[in-house]
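Written below as structure tokens is the structure these notes are about.
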Amino acid sequence: MDLIEVRNVSKSFGGLRAVSDLTFNLGRGKIKGIIGPNGAGKTTIFNLISGILTIDSGEIFFKGTVLNRLKPYQIAYLGLSRTFQNLQIFDNMTVIENVMVGLHPRTHSEILHAIFRLGRSRNEERYIFEKAYEALQSVNMESRAAEMVSGLPFGDQKLVEVARALVADPEVIMLDEPVSGLNTQEIERLDDLIRKINAQGKTILLVEHNMRFVMNICEEVLVVNYGKMIAEGDPSQIVSNRDVINAYLGEELRIA
Amino acid sequence: MENFLEKRRKRQYQYLLFFALAIFLFPVFVRSKYLLNVMVFSGIHTIVVVGFCLLMGYAGQVSLGHAAFFGLGAYTSGVLTVKFGFNPWMAFGAGIILTACVAYIIGVPSLKLKGHYLAMATLGFGIIIQIIFVQWRSLTEGPSGLVDIPGISIGGFKFNTDFKYYYFVWIFAAVAVFFSLNIVQSRVGRALRALNKKEIGAEAMGVDTAKYKVQVFVLSAIYASVAGSLYTHYITFLSPEGFTFPFSVLILVMAVFGGLANIWGGAVGAISLTILPEFLRAYKNYDIIIYGVILIAVMMFMPNGILGLVESAIDRIKAKRRAA
């Protein structure tokens with residue numbers, strides 16, 4: 001069984017079918033991209049996998065476990081982490097504290113440990129800080145650790161989110177439009193970073209509009225339109241696929 | 001990389017030490033019975049408001065029913081000692097347990113609501129509890145009030161003067177601040193701050209937001225209950241007017257006044273807004289107006305409360321020094 005299996009999943013918002021009978025797999029160690037026009041349901045797919053939205057019908061498996069009825073935090077505990085298109089950064093905290101939150105599923109001290117500062121909580125705090133610092137180093141953001149995250153430029157905030165997603169050592173990292181809003185230089189940095197993470201054995205699923213970036217980094221690409229899969233394959237197959245060209249360039253092409 | 005969060009924690013403990021010292025020395029210099037009395041109320045308010053800051057300032061969950069938790073602690077202490085002959089300490093503990101249970105039962109469903117809806121739910125809860133205080137006459141004596149509540153003592157030592165009660169209350173308040181500082185700078189504290197504004201982000205990072213919201217709600221209710229019991233054994237008389245909606249609003253205003261997202265803000269707000277009306281007494285009929293104007297001015301010009309203003313002033317000085 002593959003690491004993630006999406007089986008006949010559908011999701012509607014009122015009358016709108018955002019995701020329709022979608023089936024795909026994600027193998028361990030792969031980098032897979034989901035592309036499609038605006039409103040094709042890409043982010044909805046992410047939200048279904050990470051449990052933020054509930055599935056209408058179908059099933060999603062992660063390491064053989066059905067995710068359908070799990071809450072987002074339970075899915076995070078299983079080892080599936082993500083970033084957000086519109087950033088879900090905690091702007092009332094410093095950079096490192098943001099990343100420290102990412103370690104929540106790998107640590108245990110609860111409210112009573114905290115109140116009385118029991119030994120467990122003390123040691124764990126030190127461990128959390130060190131781990132978070134390492135994660136910041138991996139995205140080259142350690143020099144900003146003590147700054148408020150709200151003061152960082154957008155590109156750096158995105159890197160903080162990546163570090164936060166990485167820190168708990170998840171098996172799968174889902175990146176929702178990781179390079180949108182970044183300049184060429186930043187995109188290159190992120191490209192390197194994703195390859196490095198992948199080389200460490202992490203499986204990556206990403207949604208992106210930047211075609212050059214996707215075709216460059218992904219081993220597999222899934223194309224969706226109106227919530228349906230219209231093509232799946234390696235980048236070279238996708239760029240020459242007739243349906244994909246139609247979806248992106250419009251119906252007129254066929255008439256012409 | 002040095003752990004600057006540990007440094008920050010140590011600095012907080014230093015503040016607490018200075019604060020405790022100032023509180024300890026206050027009665028040495030000020031022997032006025034009246035001022036001690038005001039400071040006892042300041043201490044009681046500090047306990048409630050610090051708990052409220054955890055709930056609203058850190059976790060971002062509003063409550064307009066905190067007077068009810070304060071009242072539950074107060075009435076459990078009063079009723080159990082007067083009507084059932086309980087030892088005040090037993091009644092104190094019973095108040096905490098009862099309040100925690102009620103907060104849990106109320107919290108689980110109502111914390112699913114957000115913003116104004118949560119405010120409405122807690123407001124409704126506060127009114128219900130208030131009605132119970134008025135109507136359950138066999139226990140509470142209703143509007144005529146519960147009288148002859150015994151004082152509290154340890155061993156043979158009775159806390160029966162303003163001077164003694166001052167220290168008694170402020171030990172509780174200092175411990176409340178200490179516990180809160182510990183929570184804020186912990187895994188749970190970060191989870192609370194995370195769910196405050198970005199609930200989805202917090203959930204996706206593995207934070208069980210529903211669980212932590214209920215935990216902090218119950219905890220802040222326990223703080224209120226402790227304060228309520230301390231109040232009861234100090235004034236030894238209870239009537240339902242003390243626990244109405246305006247008191248819930250006062251708790252909120254104290255927290256906002258001092259600085260919501262700061263434990264010390266809770267203490268500063270509670271102390272200053274307990275003392276302020278006493279100073280304004282000199283202005284007779286205009287005191288309410290002046291009080292109102294001060295509140296409006298603080299909300300307009302110091303949206304992060306008094307401590308927020310102090311903090312940003314310090315930041316500005318630091319930035320200037322760095323530039324120089």
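What follows draws every value from the coordinates through simple rules; no lab data is involved. These numbers come from a predicted model, not from an experiment. So basically every Cβ, Gly included, is an ideal-geometry build from the backbone, and we count neighbours across all protein chains shown.
Shielding value for A:12-20 is 0, the average number of Cβ atoms from other chains within 10 Å of each residue's Cβ. Among B:GLY107, B:HIS233, B:ILE23, pick out the residue whose Cα is farthest towards the positive end of the charge dipole of region B:2-243, where Lys and Arg carry +1 and Asp and Glu carry -1 on C-beta, about the Cα centre. After comparing all options, I get B:ILE23.
An oblate overall shape is assigned to region A:26-164, the ratio a/c of its alpha-carbon gyration tensor axes (a ≥ b ≥ c) being 1.5 or greater and a/b not exceeding b/c.
Would you mind classifying region A:128-246 by shape? Square roots of the alpha carbon gyration tensor eigenvalues, ordered a ≥ b ≥ c; an a/c under 1.5 is rounded, otherwise it is prolate if a/b is larger than b/c and oblate if not. Let's see the in-between values first.
Numbers: a/c = 2.54, a/b = 1.99, b/c = 1.28.
In terms of gyration-tensor shape, prolate.
For a Förster distance of 51 Å, can you work out the FRET efficiency between the beta-carbons of B:ILE275 and A:GLU134, rounded to the nearest 0.05?
Details: r = 48 Å, r/R0 = 0.95.
So, using R0 = 51 Å, E works out to roughly 0.60.
With one equal scatterer per alpha carbon and no solvent term, the Debye-computed log10 I(q)/I(0) for region B:110-222 at 0.12, 0.13, 0.19 1/Å reads -0.74, -0.83, -1.07. Legend: translational diffusion of region B:2-243 by Stokes-Einstein, Rh = Kirkwood radius over C-alpha pairs, 4 °C, 1.567 mPa s; D = 69 µm²/s. From its DSSP helices (H runs of at least four residues, each -39,500 (n - 2.57)), chain B gives a residue-normalised ellipticity at 222 nm of -25500 deg cm²/dmol. For the residues of A:108-118, the average number of beta carbons from a partner chain within 10 Å of their own beta carbon is 6. Given in Å, the Rg to one decimal and the Dmax to the nearest whole number for the Cα atoms of the protein assembly as shown are 28.1, 100.
Normalising the average separation of contacting C-alpha pairs (under 8 angstrom, six or more residues apart) by the number of residues puts the relative contact order of chain B at 32 percent. The dipole here belongs to region B:2-243: it is taken about the Cα centre, uses +1 on the Cβ of Lys and Arg and -1 on the Cβ of Asp and Glu, and is about 660 debye.
Could the peptides A:150-158, A:103-111 be put in order, highest first, of the mean number of other beta-carbon atoms found within 10 Å of their residues?
Values: A:150-158: 16.0, A:103-111: 19.4.
Packing order, densest peptide first, comes out as A:103-111, A:150-158.
Placing +1 on each Lys and Arg Cβ and -1 on each Asp and Glu Cβ, with no other charges, gives chain A a dipole about its Cα centre of roughly 560 debye. At an R0 of 25 angstrom, the distance between the Cβ atoms of B:LEU113 and A:PHE13 translates into a FRET efficiency of 0.70. Please report, largest first and rounded to whole Å, the three semi-axes of the ellipsoid equivalent to region A:85-192, where each semi-axis is the square root of five times an eigenvalue of the C-alpha gyration tensor. Equivalent-ellipsoid dimensions as semi-axes: 27, 14, 12 Å.
In chain B, which helices (entire DSSP H runs) extend 15 Å or more along their own long axis, judged by Cα positions, while averaging at least 1.0 on the Kyte-Doolittle scale? Write out the running numbers ahead of the final one.
Working: long enough: B:4-29 (37 Å, 0.47); B:33-52 (29 Å, 1.55); B:66-84 (26 Å, 0.95); B:88-110 (32 Å, 1.59); B:115-135 (30 Å, 1.52); B:162-184 (32 Å, 1.41); B:187-197 (17 Å, -0.54); B:209-235 (39 Å, 0.72); B:245-258 (20 Å, 2.43); B:263-280 (26 Å, 1.49); B:287-301 (21 Å, 2.53); B:305-323 (27 Å, 0.04).
Flagged H segments are B:33-52, B:88-110, B:115-135, B:162-184, B:245-258, B:263-280, B:287-301.
Per-residue shielding of A:88-95, expressed as the average number of other chain Cβ atoms within 10 Å of the residue Cβ, stands at 5. Restricting the calculation to Cα atoms, region B:158-204 yields a radius of gyration followed by a Dmax of 17.4, 53 Å. Counting only DSSP H runs of at least 4 residues, each contributing -39500 (n - 2.57), and dividing by the residue count of chain A, the helix-based mean residue ellipticity at 222 nm comes to -11000 deg cm²/dmol.
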